[in-house]
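Taking it in order: structure first as structure tokens, then the write-up.
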Amino acid sequence: MAPRKLIAGNWKMNLLKAEGEALVRALGASLASEPKPACDVLVCPPFTLLGALAPLCGEAGLALGAQDCHAAPSGAFTGNVAAPMLADAGCAYVIVGHSERRSLHGEDNATVKAKAEAALAAGLVAIVCVGETEAERDSGKAEEIVVAQLLKSLPEGASAGSLVVAYEPVWAIGTGRTPTVAQVADMHAALRKALGGAVADAAAVRILYGGSVKPGNAAELLAVANVDGALVGGASLSHGDFWAICQSCG
Ligand code: PEP
């Protein structure tokens, strides 16, 4: 049986406290109404909002996650946030290896793996992001490249309860462009197969698609085999758009 879908909103560096609270309250009101969407719903606000939003997310029936963590549990790392701090703030999930972290902060696969392992050690679910650049897609080797990236980024000891994979083609993030349904299907099948050699319960690991998911394309993308949800950036800042994507799960 396919895993229950997960719709995750990555707010990135957006929204102040009142705006974040209003968005969580609005999502909570939607979640309380019928029909319920066939998915779990997660929001990943900036660090500064986690403490304030944790109780509201609890009341709303939303899971809370962060957008990054440090690989060390504590220490002299000015400006960073450790995974146990995120758990302490009420997070259940943390995104690691987002392409903006990889490209803007120079994070390589080894760093992503270390962060994912720190997340697991803190009891968090690690959302490990992978994806090819446009040049890599054009080279015809996207699947090979992304599978290698995944295998090098996977935390030791992961299981379906502690790991989510997010396939996010770099060229689709924030651009309004998406891969074809066939390209998504092929990549997700390749990732599922790769997980089979690395994780005991690979069939139950959720593999999200991310990159310009909008209300207009969500149903089509979410219907693809091995797509177990979506990681949503821009559209997660709008209650109407994010909720419409959640409802696209059925
Ligand atoms: C993201 O940043 O994870 C993302 C998928 O962004 P967008 O939906 O805006 O393309």
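See the values below:
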| quantity | calculated |
| --- | --- |
| 10 Å beta-carbon shell around residue 38, net charge (K/R +1, D/E -1) | +2 |
| Placed amide H near residue 38: partners under 5 Å, 5+ positions off or other chain | 249, 250 |
| Rounded to whole Hz, the Karplus (6.51, -1.76, 1.60) HN-Hα couplings of region 9-15, x for glycine and proline | x, 9, 6, 6, 9, 9, 6 |
| The chain: calculated mean residue ellipticity at 222 nm from DSSP helix runs of at least 4, using -39500 (n - 2.57) | -12500 deg cm²/dmol |
| Nonlocal amide H pairs with residue 81, under 5 Å, H built at 1.01 Å | 70 |
| Average accessible area per residue (Å²) across the chain - probe 1.4 Å, nucleic acids and ligands excluded | 41 |
| Subset of 152/214; 113/141; 141/214; 17/193; 36/115; 36/152 violating a 32 Å alpha-carbon distance limit | 17/193; 36/115; 36/152 |
| Pairwise FRET efficiency - residue 31 versus residue 189, Cβ, R0 = 35 Å, nearest 0.05 | 0.65 |
| 3J(HN,Hα) from dihedral phi, region 194-199, Karplus parametrisation 6.51/-1.76/1.60, rounded to Hz, x for glycine, proline | 5, 4, x, x, 10, 10 |
| Amide hydrogen neighbours beyond the local backbone of residue 131, cut-off 5 Å, H modeled | 168 |
| Those Cys residues of the chain for which no other cysteine Cβ falls under 4.7 Å | 44, 57, 69, 91, 129, 246 |
| Carbon + sulfur, % of accessible area of the chain - ligands and nucleic acids excluded, 1.4 Å | 56 |
| In sequence order, calculated HN-Hα J values of region 160-166 (Karplus, 6.51, -1.76, 1.60; Hz; x Gly/Pro) | 4, x, 10, 9, 10, 10, 10 |
| Förster-model FRET efficiency, 30 Å R0, residue 74 and residue 156, C-beta, rounded to 0.05 | 0.90 |
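The values are calculated or read from the model by the stated rules, or taken from the named source; none is laboratory data. Nothing here was measured: the structure is a model prediction, and the numbers come from that model. Glycine gets a Cβ as well: all are built from the backbone with ideal geometry, and neighbour counts include every protein chain shown. Each accessible area value is taken on the protein alone, full model and side chains, heavy atoms only, with ligands, DNA and RNA left out. Shrake-Rupley method; radii C 1.70, N 1.55, O 1.52, S 1.80 Å.
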